[in-house]
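Only one structure is covered here, and it is reproduced in the block below.
Read-outs: derived from the displayed coordinates by stated rules, not from any lab. What you are looking at is a predicted structure, and each value in this text was computed from that prediction instead of being measured. Please note: Cβ atoms are built from the backbone with ideal geometry, for glycine as well, and neighbour counts cover all protein chains shown.
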Amino acid sequence: MSEQWWKERAFYQIYPRSFQDSNGDGIGDIPGILSRLDYLKWLGIGAVWLCPVYDSPNADMGYDIRDYEKIMSEFGTLEDFDRLVEELHRRDIKLIMDLVVNHSSDEHAWFVESRKGRDNPYRDYYIWRDGKGGKEPNNWASFFTPSAWSYDEHSGQWYLHLFSEKQPDLNWENPKLREEVYAMINRWLDRGVDGFRMDVISALAKAPGLPDGKGEGYVFTPEYFAFQPRLHDYLREMRRRCFDGRQCMCVGETTFVTTQNANSVVGDGRELDLLFHFDFMDMDGQDGKWNVIPFDLRKFKEILVRWQEAIDWNTLFWGNHDQPRVVSRFGSTATEALRVQSAKMLATAMYLLRGTPFLYQGEEIGMTNFPFTSEQELRDVESLNLLAQARKEGREAWAWNGILHKGRDNARTPMQWEDAPQAGFTTGQPWIAVNPNYHDINVRKAQADPDSILCFYRELLALRQREEALLRGAFRLLLPEHPQLLAYERTLGSDRVIVCCNFSSTPAALPPEFTGKSLLRSGIHDGHMEPYGFTVLADK
Ligand code: TEU
Ligand code: CA
C-alpha cells in the first residue's frame, strides 16, 4: 500500500444518525453501521468518512461536541467503535473521523469552567471580549445567528461563536488548548483511526484585534476569520505533533478556500493532504446559498479547469450532509428515467476526474430532496434559524424556497434500504421522516436491478480502479465552449480516456472525433446523445 493510500480509494461519507438504526430508537447507530459494512465493500468503497459520533447535545447534530473522547450514547459505546475500526480494517476499508475543533459545545467541561469567571484557568480556552457601548465587541455575523456574539450575564462579557450560540469558538491562540487538542487527536490515532476530515479548519485563526467588518448591521466577515496567517502555524504544529510518522490522511473542510490560497494548505504536505472547496456547491446561489439560481455548465467548466490546474490532487464530490441531494439539484427528477440517467451522468462526470471521490450516503441510489411542507418536519438549526429570522423580516416564502432547494435536512433523511416500513432504516419512529419515495428508491430494489444507479456506481468505481489513466492520469478539458456537453480526457503515457457527458435535458450530437473502445456508456445511439447521455472511451 502506498504512502498516499487516499489517492487509490473511493470514500463514502456516513451520517450515522441516518444510516442504520439497530435498536429501534429511530436513531442510526454504530452497531447499525457494522451491519452494513459488507454492502460498502460490495460497492467498492475503500474508506469511510464518519461524521461526528462524539457525545453531544445535538444542537447542530453532533457538530457541537460535549466530550471529544466519549461516544454519543444514542450511537453506542467505545467498544462498538473499536469493533467498527476492526471490522472496517478486516475488509481493508480505512476510517477517517470528523475533527470539530474550531468550536466545542457550550456544554463541554472546558466551556462550563470558562464561563465561571474571568480568572478561571479555562477562560482563555474560548474567545471572550468586553462589549462596546453595551453592544457586541464587533459587528460580525455568524453562519447561523444574526450576531456571532452572545452575552454572558455572569461574567459580563461576550463570547464568539461563528455558528450557533451553543458552539463557542475555541481560542487557538492558547497553547494549552492546542496541547489538549493534539493529545486527543493522538489518542484517536492510537485507537486505529486512519485520519480526519477537519471541520471548518480554515477558521481556526481569527484576525488580531477582531476588527469590524465593512457595512451596516451584522456583517459576515470571512476575510477576518478564514485563512488568517496563524492558521498555517497551527496546522504545521498539528502535523508535527500528531501526523508525522503515521500513515494517516487529513482532509480539510477549508471553507472560503480559493485557487489562490489552496496550495498554502495542501501544497507542501506540511499541513493538509486534501481539501474540500465549495465553488461547485456555491454555483447555484447568488449572494449566499438561499437565493437559488440555475446550474450553468459554462460556470461549472470554468471552476473545474481552475481547480484541476490549481492543485495537484482534488477531492471529487457532489454533496455531503450540508448539501441538497445532487440528482434533485443538478440532475433531473422530472421522470424516473431522467432521475436514473442524470444520476449516472453526474457520477460519471465527477468521479472520473483527477482526484479522490467522496460519495455521500444515498447518492448511490439516487436519493432525492425531501418534499417538506411544514417547519415541524425540519431538524436542522440552520434552516430553523433562517425560517425564524425570515418570519421577522416578512420573507418566509423566500426562506421556504431556499430550504426546499438547499436545506441541509434534504441530505439527512434516513438511508433507504428496502421497500419495508421506514425503508428498513428503523423498526421504530425515525428521528426525521423517511422520504416517501423509498418504495421505489431503495438499496434492495437497486441491487436486484442491473440497470440501477447503484449497480452503475459499482461499475464506475471498479472502472476507476482498473484504468491507471483514470486513477493517476492528467486532466484536460475538451470542447470548452460546448453549451451542453462536458468533455475531458485523462492521459497517462500512451493511454487516453475520453469522458463525454450531456449535462442537459435535450439531445446532442456525439462529436465524431470521440472514437475508441467503449468503457462505459448510456443514452448513446448512432452518434446521438440522449438527455443526460454519456460515454467513456479508451482511445487506445
Ligand atoms: O460546515 C461548515 C460550513 O461552512 C457550513 O456551515 C456550510 O457553510 C453550511 O452548512 C452550508 O449551508 C461544518 C459542518 O459540515 C456543518 O455540518 C456544521 O454545521 C458546521 O461546520 C459547524 O460545525
Ligand atoms: Ca439506534
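Key figures
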item	result
Net lengthening on full extension, Asn174/Ala397 (0.36 nm per residue, minus Cα-Cα)	75.9 nm
Stretchable slack from Arg36 to Arg230, in nm (0.36 nm times residue separation minus alpha-carbon distance)	65.7 nm
Unit charges on C-beta of K, R, D, E only; dipole of the chain, Debye	920 debye
Longest to shortest principal axis, alpha-carbon extents of segment 124-252, angstrom	51, 30, 23
Listed pairs Lys132/Lys206; Lys344/Lys445; Lys116/Lys206; Lys301/Lys517; Lys7/Lys299 exceeding 21 Å between Cα atoms	Lys116/Lys206; Lys301/Lys517; Lys7/Lys299
Global geometry of segment 220-363, whether rounded, prolate or oblate, following the gyration tensor of its Cα atoms and the 1.5 cut on a/c	prolate
Alpha-carbon Rg/Rh ratio, for segment 320-366, with Rh computed the Kirkwood way	0.96
Expected 222 nm ellipticity per residue - DSSP helices of 4 or more, -39500 (n - 2.57), all of the chain, to 500	-7500 deg cm²/dmol
The chain: antiparallel DSSP beta bridges as a percent of all, rounded to 5	60 percent
Proximal charge balance of Gly331 [Cβ under 10 Å; K/R count +1, D/E count -1]	+4
Magnitude of the charge dipole, segment 192-288, Cβ model with Lys/Arg +1 and Asp/Glu -1, debye to 20	560 debye
Mean Cβ neighbour count within 10 Å, used as a protection proxy, ranking 27-35, 398-406 highest first	27-35, 398-406
If the convex hull is drawn through the Cα atoms of segment 287-386, its volume per residue in Å³	135 Å³
Euclidean distance between Cα centres, segment 96-149 to segment 34-56, Å	32 Å
Under the Debye formula (equal points on every Cα, no solvent term), log10 I(q)/I(0) of segment 271-317 at q = 0.25, 0.28 Å⁻¹	-0.95, -1.07
Cα-Cα P(r), segment 433-486, percent of pairs per 5 Å interval	4, 15, 13, 13, 15, 16, 11, 10, 3
Positive-pole candidate from Ser452, Pro211, Tyr63, dipole of the chain, charges at beta carbon	Ser452
Trypsin sites (Lys or Arg not before Pro) within segment 124-209: DSSP coil, no more than 15 neighbouring Cβ in 10 Å	Arg191
Shape of segment 338-447, Cα gyration tensor, a/c cut at 1.5	oblate
Convex hull (Cα only) mean projected area of segment 8-95, reported in nm² to one decimal	5.5 nm²
Long-range amide H partners of Cys250 with built H, under 5 Å	Phe196, Asp273, Leu274
Distant alpha-carbon pairs in the chain (separation over 29 angstrom), percent	53 percent
Rg over Rh [alpha-carbon atoms, Kirkwood Rh] for segment 410-540	1.09
Largest-first principal axis extents, alpha carbons of segment 351-410, Å	46, 21, 17
Percent of Cα-Cα distances greater than 18 Å, calculated over segment 13-162	63 percent
Value of Rg/Rh across segment 239-291 [Cα atoms, Kirkwood radius]	1.11
Pair Arg83, Arg472: separation of 7 Å Cα→Cβ label points (nm)	4.0 nm
